[in-house]
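Read through the structure below, which is laid out as structure tokens, and then see the notes.
The values are calculated or read from the model by the stated rules, or taken from the named source; none is laboratory data. Computed from a predicted model, the values in this text were never measured in an experiment. Cβ placement follows ideal geometry from the backbone for every residue including glycine, while neighbour counts extend to all protein chains displayed. Ligands, DNA and RNA are stripped out before the accessible areas are found, and what is left, the full protein with its side chains, is counted by its heavy atoms. Shrake-Rupley method; radii C 1.70, N 1.55, O 1.52, S 1.80 Å.
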Amino acid sequence: MGSLGAMLKHPDDIYPLLKLKMAARNIEKQIPPEPHWAFCYTMLHKVSRSFALVIQQLDTELRNAVCIFYLVLRALDTVEDDTAIETDVKLPILIDFHRHIYDAKWHFACGTKEYKVLMDEFHHVSTAFLELGKGYQEAIEDITKRMGAGMAKFICKEVETVDDYDEYCHYVAGLVGLGLSKLFHAAELEDLATDELSNSMGLFLQKTNIIRDYLEDINEIPKSRMFWPRQIWSKYVNKLEDLKYEENSDKAVQCLNDMVTNALIHMEDCLKYMSALRDPAIFKFCAIPQIMAIGTLALCYNNIEVFRGVVKMRRGLTAKVIDRTRTMADVYAAFYDFSSILKSKVDKKDPNATKTLSRLESVQKTCRDSGALINSRKSYIVKSEQSYNSALIMVMFLILAIIYAYVSASPRF
Ligand code: IN0
């Protein structure tokens, strides 16, 4: 749907969208003057708009550390993803990356578009990294070392079992959770979270990305690696790419629902992790991507469009999530609402229906038992009648505005 169509259908998106646009414009004006920091923040805006927005609210010292952590990981990812690099060249780079970040003279050209710029100008990231406090540097170095080694292991290995899937997601996302928890602790703003809970925060986000990006990944030329575990997809098709063919639609949706059900398992750990956070800016920074993930899963579940095109939350809903997420009560409410939407899409005939429903009900019970769900809150669930009424008001308002403009522009006699 075009953006005007989306706005007519969801007029209450307009205010949060405008607010988000203004916030984004303000942030763009706040690029630091030093060339290496200017490069890092400009790059962050280029590679991830909404992430750049939520990071901005963190305390300056922590924000700089998270910005560098993010760019180092993106660079590591660029090396891992570049299929043009021979394996014998790639492996030592991944394994030694944690040493390269200390060396502002190190350079390796790879990647495309903005990622090529990131790699070509990586000396700016190293220079900024060397200005961080020791505690931050050690946390970033440790995670980069473990992630590089994990990526190297999976360059030569396919994701076969669900255990492999969890292990791969641990290297590329769970470790990000462990690293962020260390950075929050180094900033003396939070207690150190357990590795188990920190890992789940990353796994929930990464599994959602892997599910959402099926088509983009399978169609990539040259062929990219796939991360849907054989143990799951082989129950439905003989080859992973068969899921995209129309004749396999029923099996494809069942497989998709199996993958979503697998991801849901991490939700309770995520709630536990977030409920222990104390700093309001760190809380927001962590909660927004989690709510976007459950929103995306609710959109993808039982949705054949995942195998046909791009399935993404509309920009207005993203803006609403960013606007409304302040406290743990907001997170319980969002997890509850998106679980309800997901529950309403479960078909009793789906082979995993019982498991899916039981996981969702368990999350909803946790949200209810928190005592934070209040009746007067704003809901993410849109009733069609509600959206029809808002659209009608919007159309009437537009007609009145046009009549007013016409009348005030016509010559008076
Ligand atoms: C992230 C995570 C992230 C943020 C906050 C807390 C986290 C706790 C544990 C693990 C990860 C956490 O968030 C970003 C979000 C992001 O980049 N979103 C994209 C949108 C999209 O669709 O990809 C955007 O453009 O804004 C995230 O996805 N990852 C990430 C990477 C580094 C850091 Cl420091 C934090 C990537 C990943 C692989 C899921 C961990």
*Is it the case that the range 207-226 has a residue that's hydrophobic (A, V, I, L, M, F, W, C), under 30 Å from residue 141 (Cα atoms), at pLDDT 95 or above and near the ligand (Cβ under 10 Å from one of its atoms)?*
yes
The lone condition residue 52 fails out of (1) closer than 24 Å to residue 187 by Cβ; (2) at pLDDT 95 or above; (3) surrounded by 17 or more Cβ atoms within 10 Å (Cβ to Cβ) is (2)
Residue pairs within 6 Å by beta carbon, gap of at least six or interchain, first lying in the range 259-279 and more than 30 Å from residue 226 (Cα to Cα) and in a helix (DSSP H, G or I), second open to solvent by 20 Å² or more (accessible area, probe 1.4 Å) and within 11 Å of the ligand (Cβ to nearest atom), listed first then second, are 272/197
A careful count of residues in the range 45-85 that are closer than 20 Å to residue 100 by Cα and of a type outside the set (Gly, Ala, Ser) gives 18
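Residue by residue, here is whether (1) more than 18 Å from the chain's Cα centre (by Cα); (2) crowded, with 23+ Cβ neighbours inside 10 Å; (3) outside any loop (DSSP other than H, G, I, E, B) holds:
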| site | (1), (2), (3) |
| --- | --- |
| 257 | yes, yes, yes |
| 289 | no, no, yes |
| 312 | no, no, no |
| 323 | no, no, yes |
Just checking, does the range 108-117 include any residue being surrounded by fewer than 18 Cβ atoms within 10 Å (Cβ to Cβ), within 25 Å of the chain's Cα centre (by Cα) and hydrophobic (A, V, I, L, M, F, W, C)? yes
Pairing a residue in the range 280-294 that is over 19 Å from residue 316 (Cβ atoms) with any residue that is part of a helix (DSSP H, G or I) and near the ligand (Cβ under 8 Å from one of its atoms), where Cβ atoms lie under 6 Å and the two sit 6 or more apart in sequence or on different chains, gives 285/54
Taking first residues from the range 315-336 that are closer than 16 Å to residue 360 by Cβ and second residues anywhere that are open to solvent by 10 Å² or more (accessible area, probe 1.4 Å) and modelled with pLDDT under 95, the pairs with Cβ under 7 Å that are 6 or more apart or on different chains are 332/372; 332/373; 333/373; 333/377; 334/380; 336/373
Of (1) surrounded by 19 or more Cβ atoms within 10 Å (Cβ to Cβ); (2) more than 18 Å from residue 180 (Cβ to Cβ); (3) of a type in the set (Phe, Trp, Tyr), residue 245 satisfies every one except (1)
Among 131, 160, 188, 141, the single one that is at pLDDT 95 or above, closer than 19 Å to residue 102 by Cα and more than 16 Å from the ligand (Cβ to nearest atom) is 131
